[in-house]
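Accompanying notes for the structure given below.
The values are calculated or read from the model by the stated rules, or taken from the named source; none is laboratory data. Computed from a predicted model, the values in this text were never measured in an experiment. Backbone-built Cβ (ideal geometry, glycine too); neighbour counts: all protein chains shown. Calculation scope for accessible area: heavy atoms of the full protein, side chains included, ligands and nucleic acids excluded. Shrake-Rupley method; radii C 1.70, N 1.55, O 1.52, S 1.80 Å.
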Amino acid sequence: MKNSPSLIVALDVNTLAEVRELMERLDPVVDIYKVGSQLFTASGPAAVRFVEARGKKVFLDLKFHDIPNTVASAVSSAVSLNVAIERSSTDYKDRKKPAQQSVFMMTVHTCGGAEMMKAAVEAAAKSADAIGVARPLVVGVTVLTSDSKEANISDLVLERAKLAKAAGLDGVVASCHESKMLRDTFGKDFVIVTPGIRPAGGDAGDQKRIATPAEAKKNGSSFLVVGRPIVAAKDPLAAAKGILSEIN
Ligand code: C5P
């Protein structure tokens, strides 16, 4: 694990025009973008292609939660986006190196159970192997950071994280409040993705279990997912730089 977590900016917008505007500002300092249910529903795989064409990585956060067979098929489709991207990218032939693997991490929901999570990882490995790319990381959503603080949330997160690890997942999505416990329990290689990040004094919005970038770093998160504090800021680049200076 690196000492500092990596920043992922959540592209929680609807159109590729908005994505372009944000990326034109943020690309100098941001390398990973999250494509989640809002953008994917509105703009589809084109959103993934758009990010890839700008040479950036995609965290595909569609939180799959269905029967094992359906989740396995959805994961395979997500992995195959990498091939579709290479073939559809007009400037691909001119590149000196092959296209980078753009979908490098994706989510399933731990509530789907062990069998579903196992099917997801197996499908990711099989599809990645078939097209000759590295298997994307598969991480499990534990408890949404918009859920309120309840006494047993950390027990629930730990229980779901253990299930995820046993099923072969690479890590989990969890709030900063649980990341220290998860890091201590599962060791340095376990991937911990932490949303609900708010710079000190920032507006919480609908997020309940929030933390500052510095707290998430201290607690051992591997990736910080930040949406509104950057995307809705008057100056997104300045907001991203502020967060990066807190974590680096
Ligand atoms: O705007 P904000 O910074 O609150 O965005 C957080 C992002 O992280 C959203 O895109 C949301 O879907 C995502 N997320 C979350 N809690 C989870 C998993 C993902 O807030 N447990």
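Structural remarks
- Taking amide H as placed 1.01 Å from N in the peptide plane, PHE104 has its amide H under 5 Å from the amide H of VAL58, LEU60, each at least 5 places away in sequence or on another chain.
- Cβ-based charge dipole, the range 6-247, positive-most Cα from GLY187, ASN152, ALA17: GLY187
- Fully extended contour minus Cα-Cα distance, from ASN248 to LYS162, at 0.36 nm per residue: 28.0 nm
- Mean Cβ neighbour count within 10 Å, used as a protection proxy, ranking 69-77, 117-125, 191-199 highest first: 191-199, 117-125, 69-77
- When the pairs LYS118/LYS162; LYS63/LYS126; LYS162/LYS188; LYS34/LYS188; LYS162/LYS218; LYS126/LYS180 are compared against a 25 Å limit on Cα-Cα distance, LYS126/LYS180 fall above it.
- Helix-only mean residue ellipticity at 222 nm for the chain, each DSSP H run of n ≥ 4 adding -39500 (n - 2.57), per residue, nearest 500: -14000 deg cm²/dmol
- Between VAL29 and ASP206, the distance separating the two model label sites (each 7 Å from Cα on the Cα→Cβ line) works out to 2.8 nm.
- What you get for the chain, charging only the Cβ of Lys and Arg (+1) and of Asp and Glu (-1), is a dipole of about 540 debye around the Cα centre.
- Using C-alpha pairs below 8 Å separated by at least 6 residues, the relative contact order for the chain is 21 percent.
- Inter-part distance where the range 1-40 and the range 204-223 are each reduced to a Cα centre, Å: 17 Å
- Separation in nanometres of the label points that stand 7 Å from Cα toward Cβ, at ARG54 and ASP189: 3.3 nm
- Per-atom-type breakdown for the range 6-247 gives carbon and sulfur 52% of the accessible area (1.4 Å probe, protein chains only).
- Accessible area per residue, Å², the range 6-247 with all protein chains present, probe 1.4 Å: 45 Å²
- When peptides 19-32, 54-67 are ranked by their average number of other Cβ atoms within 10 Å per residue, the highest-first order is 54-67, 19-32.
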